[in-house]
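Enquirer: One structure, pasted below without further comment.
The values are calculated or read from the model by the stated rules, or taken from the named source; none is laboratory data. Fair warning: this is a prediction, and the values are worked out from it, not measured in the lab. A quick note on method: Cβ atoms are made from the backbone with ideal geometry, for glycine too, and the neighbour counts reach across all protein chains shown. When the accessible area is computed, the model is the full protein with side chains, heavy atoms only, and any ligands, DNA or RNA have been set aside. Shrake-Rupley method; radii C 1.70, N 1.55, O 1.52, S 1.80 Å.
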Amino acid sequence: MTGRVPLFEAEDIVMRFGGVVALRKVSVTQFEGETLGMIGPNGSGKTTFVNVVTGHLAPQEGRVRVAGAEVTRFRPHRMAAAGITRTYQAVRVFRELTVADNIATATVDAPNRMDADEIAATLDWLQLGHRLNVAAGSLTLFEQRRLEILMRLVQRARLIMLDEPVGGLSATEVRAMLQVLGDLRRRTGLFVIEHAMKVIRELADSVVVMLAGEKLMQGTPAEILADKRVVDQYLGRAHA
Amino acid sequence: AAQEAVKIGFVTELTGPWSFFGTACVAGLKFAEATLNPPGKRKIEFIQIDNQTQPTQAVAAARNLDIQSKVIALSGPTSSDTALAIYGYAEQNKVPFLVPVAAFPQLTKPGTRYSFRIEPNAAGWGYAIAEFVAQQKPGAKIALMHSDFALMRAISAGLKYQAAKKGLKIEPEIVFPQGSNDATVQAAQVLAANPDYVVVVGAGGFDNTITNQLLDVGIKPEKIIHPYGMATQVKGWGKRSVGSLYGTFFDANLDTVTAEGRKFIDDFKAQNKRLPSYVENYCYVTSQIIREVIDADPKAGDDREVFRNTLSALKSKEVTSGIPIEFDKNGARKEYIYFMQIQDVGEVEYKSKPVFTTTWDPEIIPVYDLVK
Amino acid sequence: MTDALRKHGRGLVVFAAAAYALPLLLAGNRYFAFIGGIALLHVVWTAGMSLLYGYAGLMPLMFAGIAGISAYAAVGLMAAGFSFWTALPIAALFAALVGVGLGLPALRLKGFYFTLCSLVIQTVITLAFVYFVNLTNGDTGISQIAPPAWFGGPLQGVGFDLVLATLAVGAMVALVLIVEAPFGRRLVAVREDDELAEMLGIDVVRQKLAAFFVGSLFAAVGGAFYAPYVGFVSPRSFDVLLSLNIWLMVAFGGRGTIWGAVVGTVLLAPLPFLLQDYYKVKDVIYGLLIIGVIVLLPGGILGGLGGRAAAGTKSPGLRRKEAA
Amino acid sequence: MPTELVLISTLFTGLMLGVIFSLVAAGVTIIYGSIWMPNAANGQFFLLAALALWSAAVSWGLHPVVAALLVIGASVPASLLLEQVLIRRFYDVPNRNVSYFVLSLGITQILAGLFSVTYGVWSDQFQIPPLMAGITFLGPFPVSNSRLAALVTGVALLAALFALLRYHKYGRAIRAVFQNRDAASLRGVNVRAIYRLSFVLGNLVVAAGGVLYAFAYSFDLSVSWSMSITAFAIMIIGGPGSVVGAVAVGMVFGFTQAIVSAFASPTVATFSYLGAMLLILLMKPSGLFAR
Amino acid sequence: MLEISSLTIRYGAFLAVDGLDIVIGKGEIVGLIGPNGAGKTSTVKALGGLIRPAAGRIAFRGRDLAAVPAHERITLGLSIVPEGRGIFARMSVEENLLMGAYAFDGANKAARMRRVYDLFPILAERRWQAAGTMSGGQQQMLAVSMGLMAEPEMIVLDEPSLGLAPIVIEEIGKALIRLREAGVTVFLVEQNATLTADVSDRIYVMSNGTVLHHGTAEEITRNEDMLGALL
Ligand SMILES: Nc1ncnc2c1ncn2[C@@H]1O[C@H](COP(=O)(O)OP(=O)(O)OP(=O)(O)O)[C@@H](O)[C@H]1O
Ligand SMILES: Nc1ncnc2c1ncn2[C@@H]1O[C@H](COP(=O)(O)OP(=O)(O)OP(=O)(O)O)[C@@H](O)[C@H]1O
Ligand SMILES: [Mg+2]
Ligand SMILES: [Mg+2]
């Protein structure tokens, strides 16, 4: 596997909140051109992991490297400059600002931003072009999720970490979102946390399974779905 | 021909923390106004404006009176900070300014031309307290408690200066910040130090708090000296403070009160259900002085320079007490103070007797260097 | 930059015309001219507050303190022999830096706690003005502050008023330029959701500090001019009430609108002077006015209807689950 | 003997001031922690109670205890009236803390204006006749029985307040409403009634603080604003909404003022606790007892 | 048990619910599914009295709820677990449960709590933990438990499966069936059609503020079109 370029390398990350140990020596590396999935029971540390990699939390132990450079205690704005960005479990846009202003804000401090034509093309692709002058807060949830992605794309993020991108979407919307994500993974690195197995199955090249703050295993979707521990502790009978 | 009235701008504290001073002053002024304009003399008219005990408002009010109302002179403030604010305006804009009640020395600092002050300066009061204590008990130990107001700092500075010269000891010295509410511990500290006298230099309600707490811990009233006392203050200290001492420049119980002063006291008492004290007196006297200036030179009513010069040259006496009024080149008066000892405190009246009086030249101590 | 000027050009021209006309129209009466000058000074302050409150979402109640530090510093420098025009930039810069220094702990606080904390800081500054007698002359203040020199003579009367008009116009131009620049966009992002802003590459701490510094600079410049204009400074010239009033003028006129702050200032700043003869009811009228606006026009005078509409667009139905 | 004297007087002062600070801050924090109102007028309410007590006890000549009960009792209808006319209008406003702050500034201005033109002329005379005569010695340190009574009453009030919020379901309901208003409503909490009750209770506690203060010290009009600031500072440090925090920090403030003013100077004391506040906030921005 | 007729809800000019009719009998588990923004949560809020409907009638056990304020509805036996769980994040688990029984002064709270702990043993283990620090699944269990502390006639759950791991969703499904066995009526509002189909006796399908389809769980899942749209 030499020659593959890592997008980020997280090594032996430990994150404690008071008495709660949310991550215990977790190591994950994501390579360019690869889509990584992450699953695990509630509270197993998935969101915390994303928080650490994107600079929202400073881990007590461990290192994060991007393009070979140590970025462990970088704050999020510097991670963004390095091309590592994320979306939130609860959708998050500037609700009171228009879609156009949201996009402009995303480009204001992005060193490598798209030019106007590219932005227009991306807007079309995500079908948000007709909503430019609407307050982002009054978009539908699905539109807001797409806007979130758009705001990362205009920065030419190298990696977008998506925290439950289809949470709260209806079945039809989930299908549409899957298509969007399918195209997206050809443009940029994706890291996807999901409870919806369908998303993981369709998108992920490799899946990290978290359990109680530890990395239980990593493998292809087929491998992990077949693992007895995953079925017992996470998926349950219905998926067996 | 009916001449236009002479307008005097009276900027005083009708609201805000010092309004008890400003309103007392206005009460005194009211009595004078009754006899101020006898037939045949040029009418004098006071235009009152509230300064909210706020220097900025005081400047604005002075400006308003100067420009809008075209007053010939300014007067009125009873608090040192508002007085100083107007002082700056008056000196810069050459408006005669007669300060009835404000004791901060810098109001008549060398080079002052348009400002005149009726009340003796506060550093001098401190000087006088030291003189008094030295006479009562040479080498005495004084505990000094004062609020961190300019006026109180000036009194303390004078006291400390003269105490050193007279071989008095000041211990402890306790400074309270503005807006203090408690002096329990400090009263205990004073008790522990066992001084011969305690000088209490407080303002407003805090004066009462300190006094009460000193009395609570068992300090004898005879040991307590207040640098100044108004009727309301004496009432506030109450009956149990009988025996304690306070300084004043006019008091209903003085031996020297004139017939007109006596009438002023009686009328005032009848109307206000309390005795007048030096604040009321000085505002009463202020209007008398202005009358004398206008009478001395008819042009003084129309020309500020003439008004200023006439006032500066005036040699007169307070109608209420017979004490001379004369200003030095900086507009300060020859200074004096009485010390009174409280004999009894009643609902409306209180009794006290003069125990010491002294006069001094404004510059007998280096006031203008002592207090910046 | 030119875009910004074009967008607000009409407003700026109207404001500039009014600002310069005011001293000239009132030149016949130095008292009214003085009130006009004070109002122009307040425009400088509220422009800074507008930047912080309206755009950065910070609500500092220590503006008067910063203005005061600048005023005392300017007076001190002038006493030490500097000319006003040398003292002005030094004092303003110094005060703005002190403001940032004092504000640092407060800036860590979220939302309204920042405001309450700045209120306490303002109180400390006022206490310091009283306490450090050697520097400030304590509660008696400093009077007879000399007017600035201006082409050989003292800057007084209409001349000074016109300088203040220039200052106010300059402040508004600066505000417009800042708000329309990328810096303004960053501030709005920080106001709306600082965590998201940071995720998008905006250095939130730096932006907040910069905004606080720039806002404080407005306060400080106003303070430095205040001293010679009024001719007198004391701790009460820069007390918490002034801080509250500066903020109220912005809230009153309409938060987040460029001209709302100006409208609020023009209506409120002269009030204490104009109501001087009605001292018995003045505070009550002022209080009722405040309550009336907050009840009837929660978004302020200019922001009134806009503010309501904005509040209505919030759809909690779209809020999804909170992070576990 | 002298050190003992100073020590005991310091303890007493710390307690006395601490109890009053705690009461006012608790009242402020109850109102903030329920209806989200940072009440800048709390100092004016505090002063109003003290002034009303003065009027009742001095001008009308009522017995001090009767006057005190009357004033504290009267705060209830007064709060209810204010709640009806103004406060409840904002219960559903999104960022109502700012609206409330503006509103309370308006109220502050009005009350300050009214006090200044009505009570201003007596502002050097506000002393209440003692609750009871005589003096008690705490070791070598004499304390007037009147102040001792004020202290004991204050402690009792704080204990009662604490018990109410801790052991009565009303206390839990206040916290629930603050954390998640709709959810509380679904669990059967009458949100508006809780709001109203909290407003009344908070003001009642502030009024009690004002009354006790007036018994312990003479006062003037300037006490209002400094009390507002002190109460805010205590609330921020203690953690907004936390009554335990308000009482703990209130006591710390009281003792700080007493100790620093005894062993350094009273002026430094004022700086010291405000400075301490900034330091604590640097270390723990959410306050010490944040809930 | 519950009768919703011609319910209409507006937000300003926006029509969120448009003449909705739903009937739920005693002891049933009834599902309400529909896409995003269909108006499900709005309906639940109207049930809880958190918003006032523009028109229509909601009757619970025959009683019109229009005049019953939000906080009194729980005492009638109608317990609602809102979207987003509605727990009190900074209170302990136990305090949250006590809040669940807030409206029942005379009740034996200890006994109720015991029954809830039997249902979700993990909560007993964590009774002193602050609710907000628990994992999503545990919070959801707590939310359901709070709803049960009222020992209601009927419990309404708005999207209990949101963000939960598959196995937890399964657990919740089991818990709902146990509830029905205990005689509690359940109204399950969901986007997760699988869960709803698994546990419900009848299902309403809602879109754009009105009922599109209605039938037994089998009827709905047998309908190929709908299955395609929902699953
Ligand atoms: N700020 C915090 N303070 C205390 N504990 C925290 C904090 N953030 C997370 N935790 C704890 O860390 C653990 C991991 O939480 P995390 O949010 O990463 O879980 P998750 O895997 O994303 O779960 P879910 O699937 O429910 O979103 C949980 O036990 C959680 O309670
Ligand atoms: N407070 C509000 N103001 C304005 N519109 C609202 C409000 N609450 C909800 N809406 C709108 O009403 C519609 C129905 O919302 P509701 O939350 O009831 O849908 P839902 O079916 O529960 O959707 P979801 O599956 O996303 O929870 C949506 O379009 C939503 O945007
Ligand atoms: Mg998560
Ligand atoms: Mg919903």
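Enquirer: Here are B:Gln92, B:Gln52: which of them is within 14 Å of another protein chain (Cβ to nearest Cβ), surrounded by fewer than 24 Cβ atoms within 10 Å (Cβ to Cβ), out of contact with any Cys (no Cβ under 7 Å at 6 or more places or on another chain) and polar (S, T, N, Q)? Give the steps one after another, and end with the answer.
Expert: Values: B:Gln52 fails: surrounded by fewer than 24 Cβ atoms within 10 Å (Cβ to Cβ).
Step by step, each of B:Gln92, B:Gln52 is checked, and only B:Gln92 is within 14 Å of another protein chain (Cβ to nearest Cβ), surrounded by fewer than 24 Cβ atoms within 10 Å (Cβ to Cβ), out of contact with any Cys (no Cβ under 7 Å at 6 or more places or on another chain) and polar (S, T, N, Q).
Enquirer: While we're here: Quick one: which residue in D:Thr256, D:Thr270 is within 11 Å of chain B (Cβ to nearest Cβ) and either under 22 Å from the mean Cα position of the chain (by Cα) or part of a loop (DSSP other than H, G, I, E, B) (or both)?
Expert: Values: D:Thr256 fails: within 11 Å of chain B (Cβ to nearest Cβ).
Checking each option against the conditions leaves just D:Thr270.
Enquirer: Also, quick follow-up: Being over 30 Å from E:Leu98 (Cβ atoms) and more than 12 Å from chain E (Cβ to nearest Cβ) narrows it down to one residue among D:Ser198, D:Ser224; which is it?
Expert: Matching residue, one of D:Ser198, D:Ser224: D:Ser224.
Enquirer: Let me ask something additional. Examine region D:162-177 for a residue that is farther than 27 Å from E:Glu72 by Cβ and open to solvent by 10 Å² or more (accessible area, probe 1.4 Å), and state whether such a residue exists. Please lay out each step first, then the result.
Expert: Residues of region D:162-177 that are farther than 27 Å from E:Glu72 by Cβ, as a first pass: D:162-163.
Then drop every residue that is not open to solvent by 10 Å² or more (accessible area, probe 1.4 Å), which leaves D:162-163.
Yes, the conditions are met somewhere in region D:162-177.
Enquirer: Restricting attention to region A:173-214, which residues are closer than 24 Å to E:Ile167 by Cα and among the acidic types (Asp, Glu)?
Expert: A:Glu173, A:Glu194, A:Glu202, A:Asp205, A:Glu214
Enquirer: What's the number of the only condition in (1) open to solvent by less than 10 Å² (accessible area, probe 1.4 Å); (2) not in a loop (DSSP other than H, G, I, E, B) that B:Arg153 fails to meet?
Expert: (1)
Enquirer: So, restricting to helices (runs of 4 or more DSSP H) that lie completely within region A:158-230, which ones have at least 2 residues that are within 16 Å of ligand 1 (Cβ to nearest atom), out of contact with any Lys or Arg (no Cβ under 8 Å at 6 or more places or on another chain) and open to solvent by less than 10 Å² (accessible area, probe 1.4 Å)?
Expert: Filter on region A:158-230 gives A:197-203.
Enquirer: Looking at C:Leu164 and the list (1) buried (at least 21 other Cβ atoms within 10 Å of the Cβ); (2) of a type outside the set (Asp, Glu); (3) in contact with an Asp or Glu (Cβ under 9 Å, 6 or more places away or on another chain), which single condition is not satisfied?
Expert: Only one criterion is unmet by C:Leu164, namely (3).
Enquirer: Test each condition in (1) more than 16 Å from ligand 4 (Cβ to nearest atom); (2) part of a helix (DSSP H, G or I) for E:Gly183 and report the one that comes out false.
Expert: (2)
Enquirer: Which numbered condition in (1) out of contact with any helix residue (DSSP H, G or I) (no Cβ under 7 Å at 6 or more places or on another chain); (2) closer than 23 Å to A:Phe191 by Cβ; (3) part of a helix (DSSP H, G or I) is the only one that A:Asn112 fails?
Expert: For A:Asn112, the failing item is (3).
Enquirer: Suppose we filter E:Arg114, E:Arg73 for residues that are away from chain A (no Cβ under 14 Å) and in contact (Cβ under 8 Å) with a residue 24 or more places away in the chain; which single one remains?
Expert: Working: E:Arg114 fails: in contact (Cβ under 8 Å) with a residue 24 or more places away in the chain.
Testing whether each residue is away from chain A (no Cβ under 14 Å) and in contact (Cβ under 8 Å) with a residue 24 or more places away in the chain leaves just E:Arg73.
Enquirer: Something else: Please work out which residue is nearest to ligand 3 (Cβ to nearest atom), limiting yourself to region E:2-33 and to residues that are within 20 Å of E:Leu176 (Cα to Cα) and within 14 Å of chain A (Cβ to nearest Cβ).
Expert: Filtering region E:2-33 for residues that are within 20 Å of E:Leu176 (Cα to Cα) and within 14 Å of chain A (Cβ to nearest Cβ), the one nearest to ligand 3 (Cβ to nearest atom) comes out as E:Ile33.
Enquirer: Using the structure shown, decide if E:Ser92 is within 16 Å of ligand 1 (Cβ to nearest atom) and either modelled with pLDDT under 95 or over 19 Å from E:Glu151 (Cα atoms) (or both). Even if it seems obvious, please write down each step before you answer.
Expert: Working: within 16 Å of ligand 1 (Cβ to nearest atom): yes; either modelled with pLDDT under 95 or over 19 Å from E:Glu151 (Cα atoms) (or both): yes.
So E:Ser92 fits the description; yes.
Enquirer: Next question, about the same structure. Looking only at region E:147-174, how many residues end up being away from ligand 1 (no atom under 16 Å from the Cβ), out of contact with any helix residue (DSSP H, G or I) (no Cβ under 6 Å at 6 or more places or on another chain) and within 14 Å of chain A (Cβ to nearest Cβ)?
Expert: Of the residues in region E:147-174, 1 are away from ligand 1 (no atom under 16 Å from the Cβ), out of contact with any helix residue (DSSP H, G or I) (no Cβ under 6 Å at 6 or more places or on another chain) and within 14 Å of chain A (Cβ to nearest Cβ).
Enquirer: So, in region B:331-360, exactly how many residues are surrounded by 19 or more Cβ atoms within 10 Å (Cβ to Cβ), in contact with a helix residue (DSSP H, G or I) (Cβ under 8 Å, 6 or more places away or on another chain) and closer than 27 Å to B:Pro110 by Cβ?
Expert: 4
Enquirer: Also, I was wondering about something else. At least 1 residues that are under 30 Å from B:Lys223 (Cβ atoms) and charged (D, E, K, R) in each: list the strands (runs of 3 or more DSSP E) lying fully within region B:292-372 that qualify.
Expert: Values: elements: B:315-317, B:324-326, B:335-345, B:350-360.
Because the criterion is at least 1 residues that are under 30 Å from B:Lys223 (Cβ atoms) and charged (D, E, K, R), the strands (runs of 3 or more DSSP E) in region B:292-372 that meet it are B:335-345, B:350-360.
Enquirer: Could you tell me which residue of region B:1-21 is farthest from D:Val223 (Cα to Cα), considering only residues that are under 16 Å from the mean Cα position of the chain (by Cα) and among the aromatic types (Phe, Trp, Tyr)?
Expert: B:Phe21
Enquirer: Okay, moving on. Please count how many residues of region A:140-157 are within 16 Å of ligand 4 (Cβ to nearest atom) and open to solvent by less than 10 Å² (accessible area, probe 1.4 Å).
Expert: 3
Enquirer: Now for a separate question. Condition (residue is within 13 Å of ligand 1 (Cβ to nearest atom), open to solvent by less than 50 Å² (accessible area, probe 1.4 Å) and in a helix (DSSP H, G or I)) applied to region A:65-85: is it met by at least one residue? It would help to see each step written out before you state the result.
Expert: Initially, region A:65-85 is screened for residues within 13 Å of ligand 1 (Cβ to nearest atom), giving none.
No, region A:65-85 contains no residue that is within 13 Å of ligand 1 (Cβ to nearest atom), open to solvent by less than 50 Å² (accessible area, probe 1.4 Å) and in a helix (DSSP H, G or I).
Enquirer: List the number of the failed condition for A:Met38; all other conditions in (1) open to solvent by 10 Å² or more (accessible area, probe 1.4 Å); (2) at pLDDT 95 or above hold.
Expert: (1)
Enquirer: Does any residue in region C:272-291 that is more than 11 Å from chain D (Cβ to nearest Cβ) come within less than 7 Å, Cβ to Cβ, of a residue that is open to solvent by 40 Å² or more (accessible area, probe 1.4 Å) and part of a helix (DSSP H, G or I) six or more places away or on a different chain, and which pairs are these?
Expert: none
Per-residue answers, yes or no, for (1) touching a residue at least 12 places away in the same chain (Cβ under 8 Å); (2) over 17 Å from the mean Cα position of the chain (by Cα):
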position	(1), (2)
E:Ser5	yes, yes
E:Ala13	no, yes
E:Gly19	yes, yes
E:Ile22	yes, no
E:Glu28	yes, no
E:Gly34	yes, no
E:Gly48	yes, no
E:Arg52	no, yes
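Enquirer: Quick check on this structure: which one of D:Ala26, D:Ala74, D:Ala49, D:Ala78 is in contact with a helix residue (DSSP H, G or I) (Cβ under 9 Å, 6 or more places away or on another chain) and within 28 Å of C:Leu296 (Cβ to Cβ)?
Expert: Matching residue, one of D:Ala26, D:Ala74, D:Ala49, D:Ala78: D:Ala78.
Enquirer: For region A:45-64, what are the residues that are open to solvent by 10 Å² or more (accessible area, probe 1.4 Å) and either more than 14 Å from chain C (Cβ to nearest Cβ) or within 16 Å of ligand 2 (Cβ to nearest atom) (or both)?
Expert: Correct list: A:Gln60, A:Glu61, A:Gly62, A:Arg63.
Enquirer: How about region C:212-287: which helices (runs of 4 or more DSSP H) wholly inside it have at least 1 residues that are polar (S, T, N, Q)? It would help to see each step written out before you state the result.
Expert: On the way: elements: C:240-253, C:258-268, C:271-274.
Where helices (runs of 4 or more DSSP H) fall fully within region C:212-287 and carry at least 1 residues being polar (S, T, N, Q), they are C:240-253, C:258-268.
Enquirer: Would you mention how many residues in region B:231-257 are open to solvent by 40 Å² or more (accessible area, probe 1.4 Å) and modelled with pLDDT of 90 or more?
Expert: Keep residues of region B:231-257 that are open to solvent by 40 Å² or more (accessible area, probe 1.4 Å), which gives B:235, B:239-240, B:242, B:255-256.
If we keep only those that are modelled with pLDDT of 90 or more as well, we get B:242.
The number of residues fulfilling the criteria is 1.
Enquirer: Could you identify the single residue in E:Gly56, E:Gly48 that is open to solvent by less than 10 Å² (accessible area, probe 1.4 Å), away from ligand 3 (no atom under 16 Å from the Cβ) and farther than 19 Å from E:Ser200 by Cβ? Even if it seems obvious, please write down each step before you answer.
Expert: On the way: E:Gly56 fails: open to solvent by less than 10 Å² (accessible area, probe 1.4 Å).
The match here is E:Gly48.
Enquirer: Where the second residue is open to solvent by 20 Å² or more (accessible area, probe 1.4 Å) and the first is part of a loop (DSSP other than H, G, I, E, B) and lies in region B:176-187, which pairs have Cβ atoms under 6 Å and are six or more apart or on separate chains?
Expert: B:Pro177/D:Thr270; B:Gly179/D:Ser222; B:Gly179/D:Ser226
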